[in-house]
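Just below is one structure, and these are the notes that go with it.
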């Protein structure tokens, strides 16, 4: 009988395969002398990155995640994710290491021509950190001062740092973090109390960058600047409409030949819709739905709170990011630089997403232990940093 973890692995393999094909198709160029040119799919960079992502997925699936989470000494290492995130995000401002493109400083230039987005580290680390906090502080997480605010302060700080260069990913981190905390016992009323301040800061972040203001204006009426700021979304909609029911055929899309900007990354779904039509787009959406449903099954079956909330963070991150990208490509949300998971061209994104889903599959591969597990607890009034000095105390909460 096929398990939920197997469904996740097969779905990731299918999405990566489609991603490799479509990224290479979108990368086709037209030369006046040689005509249409394209690189061999097997020898392409996308194929190498997809292979690395699958290796990361399979390795993560074999890791003894459940037994690691049951060991207090290893659980105490989770708070160290916070300085790791801060350090990684700070590196993008160091000359010689940081990389900029189109006015944004989001990448790190590593040896060997490898680039990495530190925001990806924050995106996948924050749900685990908050899941750990909700586990050890679940008894007071519904109290505003001693339980709720320390977690929200850390979440807000990391999201704010990411928003400086990447509004979409910052909003994603904030949204997923809020969901994990609410599932862990935080009160929705407390989030509602802070919502006006969060919205105000978001407005300031938008007004601080003229291009963000222009994107919002363009979203309201893209045809007002059809040859300017509205050009990209209009071309995206033209690509989707041009595909019809069954598409123009793989490789026969038109918009990718200089008409649709960011066709290999943020707007790859538009190229896919043009070449494979409604049927191809429906297949991709079905793969996401099946994968997320399998992930949700694992979340519901998990008994240990730390693992349950971490799994929820993984499922929510993939699902919400996919919805955000699809909303942008179809004109239902303002344009923002956020990729479609496992499809849009990317190195760090593919590998870390696949590895995170591999962790989810690992939970389904192993069985929960029958005995309670000791965890670290933090005294009332302490902060996230206090965990390093915490001592083993009570049995881990079990969620039915």
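Among 243-253, 350-360, what's the highest-first ranking by average C-beta atoms within 10 angstrom per residue?
350-360, 243-253
What is the gain in length, in nm to one decimal, between residue 51 and residue 80 on full extension, counting 0.36 nm per residue of separation less the C-alpha to C-alpha distance?
Stretched out fully, the residue 51 to residue 80 stretch lengthens by 7.5 nm.
Find how much the distance from residue 59 to residue 157 grows on full extension, using 0.36 nm per residue of separation minus their present alpha carbon separation; answer in nm with one decimal.
32.1 nm
Under 25 °C and 0.890 mPa s, how fast does region 158-243 diffuse according to Stokes-Einstein, given a Kirkwood radius computed over C-alpha pairs? Answer in µm²/s, whole number.
For the chosen part, D equals 162 µm²/s.
Quick one: among 298, 65, 199, which has the greatest mean-square fluctuation in a GNM of the chain with alpha-carbon springs under 10 angstrom?
199
Residue 1 label point, 7 Å along Cα→Cβ, cut-off 18 Å on backbone N: hits in region 285-323?
294-303
What angle do you read, to the nearest 10 degrees and between 0 and 90, between the alpha-carbon axis of helix 348-365 and the longest principal axis of the chain?
Helix 348-365 sits at roughly 50 degrees to that axis.
Where the centre of each part is set by its Cα atoms, how far does region 285-352 sit from region 1-25, in angstrom?
Using only Cα atoms, the two centres lie 13 Å from each other.
By count of other Cβ within 10 Å, fewest leading, how are 92, 329 ordered?
Going from least to most buried by this count: 92, 329.
Working from Cα positions, state the angle (0 to 90°, nearest 10) between the long axis of helix 231-243 and the longest principal axis of the chain.
80 degrees
Give the relative contact order (percent, whole number) for the chain; include only Cα pairs under 8 Å separated by 6+ residues.
29 percent.
Expressed in nm to one decimal, what extension gain is obtained for the pair residue 207 and residue 42 from 0.36 nm per residue of sequence separation less their Cα-Cα distance?
54.9 nm
Taking the beta-carbon count within 10 Å as an exposure proxy, list 318, 146 from fewest neighbours to most.
With the fewest neighbours first, 318, 146 line up as 146, 318.
First measure r as the distance between the Cβ atoms of residue 250 and residue 115, then evaluate 1/(1 + (r/R0)^6) with R0 = 22 Å and state the FRET efficiency to the nearest 0.05.
Approximately 0.20, to the nearest 0.05.
Would you compute the Debye intensity of region 45-200 from its alpha-carbon atoms alone, equal scatterers and no solvent, and pass along log10 I(q)/I(0) at q = 0.16, 0.20 Å⁻¹ to two decimals?
-1.03, -1.30
When only C-alpha pairs under 8 Å and at least 6 residues apart count, what is the relative contact order of region 236-375, in percent?
24 percent
Using only Cα atoms and rounding to the nearest 10 degrees, what angle (0 to 90) does helix 167-184 make with the longest principal axis of the chain?
Compared with the principal axis, the helix lies near 30 degrees.
A short reminder: the numbers here are calculations on the coordinates, not readings from a lab. Predicted, not measured: the structure shown is a model, and the values here were computed from it. Note that we place each Cβ from the backbone using ideal geometry, even for glycine, and neighbour counts take in every protein chain shown.
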